[in-house]
1. If packing is taken as the average count of other Cβ atoms within 10 Å, what order do 45-57, 75-87 fall into, highest mean first?
2. When the label point is put 7 Å from the Cα of Arg47 along its Cα-to-beta-carbon vector, which residues of region 13-27 have a backbone N closer than 15 Å?
3. Work out from phi, with θ = phi - 60° and the Karplus expression 6.51 cos²θ - 1.76 cosθ + 1.60, the ³J(HN,Hα) of each residue of region 22-27, listed in order in whole Hz, and give x for Gly and Pro.
Amino acid sequence: MTDGPVRQQIIEKLTQAFAPDTLEVIDESHLHAGHSGWREGGETHFRVKITAQAFADKMLVQRHRMVNETLASELAGPVHALAIKADAPAA
């Protein structure tokens, strides 16, 4: 897993937007070498696992939209693919 500038930007934006209880941002670019959207150096394919109160009472699609909207500039630029697991804290 890399700790590059795109990953750090994702962490900062999600932290500011959602004040998560837990947050994991995993660069999975190495798993997609040679596939569409992959580039040398990575930071093209990410998996986000986030738990935040902001997702309480939201349907899965709403949670994903919230994350996608927060990361719109990254998704329009360097990030080719983003897998999201967004949960509310257990009651």
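Derivation of every value follows stated rules applied to the coordinates shown; laboratory data play no part. In this text the structure is predicted, and so the values were computed from the model without any measurement. For neighbour counting, all protein chains shown are included, and Cβ atoms are generated from backbone atoms with ideal geometry for every residue, glycine included.
1. Values: 45-57: 17.4, 75-87: 15.5.
Answer by packing, highest mean first, reads 45-57, 75-87.
2. Zone members listed by number: 23-27.
3. Result, rounded to whole Hz: 9, 8, 10, 10, 10, 7.
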